[in-house]
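Following: one structure in structure tokens, then a few remarks.
Each reported figure results from applying straightforward, stated rules to the coordinates on display, with no laboratory input. Here the structure is a predicted model, which is why all the values come from computation and not from measurement. For neighbour counting, all protein chains shown are included, and Cβ atoms are generated from backbone atoms with ideal geometry for every residue, glycine included.
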């Protein structure tokens, strides 16, 4: 039985226009009950609706902003910024040295940026350099609005856009995300990666939950102790149960013109220490210089052939 996240069910957006669509509470409850998730159904049953049983969009927005604010604290504790920069700094150095971005500015686009914690952290530290444009994109207008407000209050040089990351008027040099991949069913992952391979982007770096034996238990304990709202606790645990395995990610990310690489796959990591791990994709000509830039850490970077050798 698939594990569902409440936050995915209580909002709906037209993918073409970005227009918010009405969501009926009873339909969400029926979906959760059909999956046997009665605790989640009890949470949704308490959300306010109008006379047509449509979930109150303002109440939903307030709830999701509150939950994402708590998720920001988790990102701080897990040092998401430092983890991402460990790979992004040599990646951007490689792109600059190869002269691959001479045709325009170097632009980082964060897919599903939420409240924009990572983009705002990168803007505050400028650790990637002053020439990198920082853009966060999300389909949730309320989260984009709050991210924009926070960036303005913090006087940060970055921007947030409501919409589809692949429909921006200016192309990305590097796509990134954190905690987004598990929201895609396995069948839709290939399309997600192919969209990046078909774009002018030179690379991507997506962090998501590592599928270790301890991940579900660790997620349950961590979210029970850190998240105040039951929705955040439920979805945090469900996220770990939904996470994709290493081979699934590498297989989905194999697309023409992109070399998929997994950093610290399960076989090379300590399950007691690993919470998140990234999958990268680079244009083939950038792999060798990226490995040189990573130095000894490049030994943690494996491609699809690693799993083929293990299988033999």
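Kirkwood radius, the stretch 150-193, all distinct C-alpha pairs, inverse of mean reciprocal distance: 13.1 Å. Classification of the stretch 6-56 by its C-alpha gyration tensor yields an oblate form. The axis ratio a/c (a ≥ b ≥ c) is 1.5 or more, and b/c is at least a/b.
The gain in end-to-end length when the residue 66 to residue 186 segment is fully stretched comes to 40.3 nm, 0.36 nm per residue minus the alpha carbon separation. When each of the peptides 229-237, 110-118, 123-131, 241-249 is scored by how many other beta carbons lie within 10 Å of its residues on average, the order from highest to lowest is 110-118, 229-237, 241-249, 123-131. Based on the convex hull around the alpha carbon atoms, the stretch 92-158 presents an average projected area of 4.6 nm².
Distance between the modelled labels on residue 164 and residue 300, one decimal in nanometres: 3.5 nm (7 Å Cα→Cβ projection). Each of residue 155 and residue 292 was given a label point 7 Å from its Cα along the Cα-to-Cβ line. The distance between the two points is 4.1 nm. Our note on the geometry: Cα centres of the stretch 25-71 and the stretch 146-160, 28 Å apart. Relative to the longest principal axis of the chain, what angle (0 to 90°, nearest 10) does the C-alpha long axis of helix 230-242 take? In the chain, helix 230-242 runs at an angle near 40 degrees to the longest axis. Residues of the stretch 163-200 falling in the label zone of residue 78, defined by backbone nitrogen less than 14 Å from a point 7 Å along Cα to beta-carbon, are 177-183. Secondary-structure-derived ellipticity at 222 nm for the chain, considering helices only, amounts to -14500 deg cm²/dmol, per-run term -39500 (n - 2.57) for DSSP H runs with n ≥ 4. Between 142, 165, 59, where does the largest GNM mean-square fluctuation fall for the chain, given springs only between Cα atoms within less than 10 Å? Its mean-square fluctuation being the largest, the pick is 59. For residue 45 and residue 248, the difference between the fully extended length at 0.36 nm per residue and the C-alpha to C-alpha distance is 69.6 nm.
Taking every Cα-Cα distance in the chain and sorting them into 20 Å bins from zero, the calculated P(r) comes out as 32, 59, 9, 0 percent. Within the listed set 86, 162, 206, the Gaussian network model of the chain (springs between alpha-carbon atoms below 10 Å) gives the highest mean-square fluctuation for 86.
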